[in-house]
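Taking it in order: structure first as structure tokens, then the write-up.
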Amino acid sequence: MKTAELVFVFIVLLVILALVVLTANIDVLFPTPSPVEFAKTAINAT
Amino acid sequence: MKIIQKLIIPKCIRAGVCIINNPLALLASALVDVLALVMFGYLSAPVYAKLTEHIIIIGTLVSQKLQPARGQSVLTALYSVDISGFVKQMFLLLGLLLMIVYVLFAISQGVNFSIAKYMMNRKTAIIEEITTTAKTAAVWSIILAGAYFIRTVAEIRQVIVSKFSEGIGFMQVLEGIEVLLIITALATFAAGSFRKGVLWISNQKLLFLYCIGITLLLFGAISIALRLLGSINPMLVLLGGLFLFFPALAWLRIFFIQITAEMTRKAEA
């Protein structure tokens, strides 16, 4: 295998790994209030 | 009729022969497709769940803001401090979803087009094929994301309109356009690049129409066969899907590669 091909495979694997890590930690990266918290805020707002 | 006898039928038969002669390659191709679908399910499920959460939160907050006493427009409500954060996150999640589809599609289809060329006894390099597919997929991801956006808007509109009148068939037209776009995409992937594919379609309009007909006939027949199997035993749908759908996809790839290659060769001569 040429070096360029190895680098390409490495980058592809890195991208897949990044996607797996991103989706596994989605709650940390995209936080949303818990249902109880959200209901409390909604009640307070009305 | 000449075009069917001299070009389409021999290519259909040759694609079938390529598949019958390479059962292991066909199995590998089906496995790559299945693996890509499983990976898509595994990676997209948490993103879909998070998107649903965001849509519910945004919907609730916007409806609170739009209470008559507060008198705000939807856009102003979306830009307000407590909602805009969720809207931004929602768009980031949509971007992540698009990224997942793009990466999985480029890799799986790159490998599968390489396998299809191997079945045709052509020289092929998987990495080269993946990069070619990735380039073409970049253009198509923009077009199909646009189509998906229009469809979403149309679906929302249909929910509102259906309260007042019967359906107008607009969704069916959109679905038809999407199917045409997918077949056009297949032709561009088989041709090797977006530009080559579009050139081929513009030079061979009649042939392309025949190719659309063949694709629709093939998947129509599979769909009828699966319905018949489903009426016998629901489990047979899964088995039938595996043994009919994936080989049909592999056959279609080979058929499109042959047809587009033939015409490109003629154009160059």
| note | Per the list (1) within 21 Å of residue B:257 (Cβ to Cβ); (2) open to solvent by 40 Å² or more (accessible area, probe 1.4 Å), residue check on residue B:99 breaks on (1)
| said: Residue under question is residue B:31, and the condition is that it be open to solvent by 80 Å² or more (accessible area, probe 1.4 Å), in contact with a Phe, Trp or Tyr (Cβ under 9 Å, 6 or more places away or on another chain) and farther than 30 Å from residue A:31 by Cα; does it hold? | reply: yes
| query | Taking residue B:41 and the conditions (1) more than 16 Å from the chain's Cα centre (by Cα); (2) farther than 28 Å from residue B:260 by Cα, which numbered condition does it fall short on, given that it satisfies the others? | reply | (1)
| query | So which helices (runs of 4 or more DSSP H) are wholly in the stretch B:185-256 and hold at least 1 residues that are of a type outside the set (A, V, I, L, M, F, W, C) and within 25 Å of residue B:121 (Cβ to Cβ)? | reply | B:194-203, B:205-232
| note | Per the filter on the stretch B:108-131, residues buried (at least 20 other Cβ atoms within 10 Å of the Cβ) and within 14 Å of another protein chain (Cβ to nearest Cβ) are B:108, B:109, B:110, B:111, B:114, B:129, B:130
| field | Residue check for residue A:28: part of a helix (DSSP H, G or I), at pLDDT 80 or above and within 8 Å of another protein chain (Cβ to nearest Cβ) | value | no
| request: State which residue pairs qualify: first residue more than 11 Å from chain A (Cβ to nearest Cβ) and inside the stretch B:33-59, second residue open to solvent by less than 60 Å² (accessible area, probe 1.4 Å) and among the hydrophobic types (A, V, I, L, M, F, W, C) in any location, beta carbons under 6 Å apart, and separation of 6 or more residues or different chains. | output: B:33/B:246; B:36/B:104
| Does residue B:115 qualify as being in contact (Cβ under 8 Å) with a residue 24 or more places away in the chain and more than 25 Å from residue B:177 (Cβ to Cβ)? | yes
| In the stretch B:200-212, how many are touching a residue at least 40 places away in the same chain (Cβ under 8 Å) and under 21 Å from the mean Cα position of the chain (by Cα)? | 3
| request: May I ask you to verify whether residue B:25 is open to solvent by less than 30 Å² (accessible area, probe 1.4 Å), under 30 Å from residue B:258 (Cβ atoms) and either at the interface with chain A (Cβ under 10 Å from one of its Cβ atoms) or of a type in the set (A, V, I, L, M) (or both)? | output: yes
| task | Go through B:37, B:104 for me and flag whichever is open to solvent by 80 Å² or more (accessible area, probe 1.4 Å) and part of a helix (DSSP H, G or I). | result | B:37
| Qualifying residue in the stretch B:10-25 (condition: assigned to a helix (DSSP H, G or I), in contact with a Ser or Thr (Cβ under 6 Å, 6 or more places away or on another chain) and at negative phi) | no
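The values are calculated or read from the model by the stated rules, or taken from the named source; none is laboratory data. Keep in mind the model is a prediction, meaning the values are calculated, not measured. Glycine gets a Cβ as well: all are built from the backbone with ideal geometry, and neighbour counts include every protein chain shown. Please note that ligands, DNA and RNA were not included when accessible areas were found on the heavy atoms of the full protein model with its side chains. Shrake-Rupley method; radii C 1.70, N 1.55, O 1.52, S 1.80 Å.
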